[in-house]
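Colleague: Sharing a structure below in structure tokens format, with a few things to ask.
The values are calculated or read from the model by the stated rules, or taken from the named source; none is laboratory data. Small disclaimer: the values here were computed from a predicted structure and weren't measured. Cβ coordinates were reconstructed from backbone atoms using ideal geometry, including for glycine residues, and neighbour counts include every protein chain displayed.
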Amino acid sequence: MVDIDPAHRDLVAGSLGDGLLPMHRRPDVVDRIRRIFLAGRIPGIVCAPKAPVPEGWMWIGVSFPLREDGVRVRSAVALPCAGICGVHSPWEVMDRIAPGAFPAADELLALAALGRDHGIAVGLFGSAALQALTGLPYMEPRSDVDAVVVARSSAGLRSFHAALAGFATRYNRKYDVEVATPGGLGVKLTELVSDVTAVAGRGIDGVRLVDRYRVLDEIDTLPPLFPVP
């Protein structure tokens, strides 16, 4: 996620309506999200290009803590790279959470601790990350938690995946976990610990099939994330 420079927030606000889903392009929705955006510190989310842009520009998504017709209100806008004044990785977002800061804060901290127990660093994106970064009510009681993890052991990934099942039952929540691979792609944890040969690797430029065994071998060659006791 990225912070938008105050000097560029009016530019982004003026483009939000055009980037909405067609079902949300109503004057009342556009007016509401512009007011929310200008009143708060809602960040942008780096996303895949939606259309060609001039050199030195990029596309960001902007997600709002509200739903219309049961669907999260989101927009996508083009922004000059000079309009970015800060960057937050999923792991930095997790590190910002203080105990009791919001209803699910302790649960998310427990998820990070579960990862460390298996040698895995857990980061956040999606509604959990936006809640942690802004303090706005993005997470709902039954919101899924979107997480991204870095691992240095295929065995650690498998043990974390097994432990996550009990953790999900304990908190009555679904955890959608993606593994950030050494090659820079994201692969669903459930796919990486399965018995399939090829898995879908997701990147900013699209999706492609990659060899599961090769990815696991690459993970196993890296040094541990945390000190070995």
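For (1) outside any loop (DSSP other than H, G, I, E, B); (2) outside the structural domain of D106 (by the TED database); (3) closer than 14 Å to D217 by Cα, each residue gets a yes or a no:
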site	(1), (2), (3)
R158	yes, no, yes
A162	yes, no, no
F167	yes, no, no
R173	no, no, no
E178	yes, no, no
D195	no, no, no
A200	yes, no, no
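Colleague: Now a separate question. So which of A151, A110 is within 29 Å of D217 (Cβ to Cβ) and in contact (Cβ under 8 Å) with a residue 40 or more places away in the chain?
Modeller: None of the other options fit; the residue is A151.
Colleague: Name the single residue that is surrounded by the fewest Cβ atoms within 10 Å (Cβ to Cβ) among those in the range 133-168 being within 21 Å of G186 (Cα to Cα) and of a type in the set (D, E, K, R).
Modeller: My answer is D144.
Colleague: So L11 passes all but one of these: (1) without any contact (Cβ under 8 Å) to a residue 60 or more places away in the chain; (2) part of a helix (DSSP H, G or I). Which condition number does it fail?
Modeller: Evaluating L11 over (1) without any contact (Cβ under 8 Å) to a residue 60 or more places away in the chain; (2) part of a helix (DSSP H, G or I) leaves (1) as the failure.
Colleague: I've got another one for you. Hey, among the residues in the range 71-102 that are under 15 Å from the mean Cα position of the chain (by Cα) and in a helix (DSSP H, G or I), which one's surrounded by the fewest Cβ atoms within 10 Å (Cβ to Cβ)?
Modeller: Out of the qualifying residues, it is D95.
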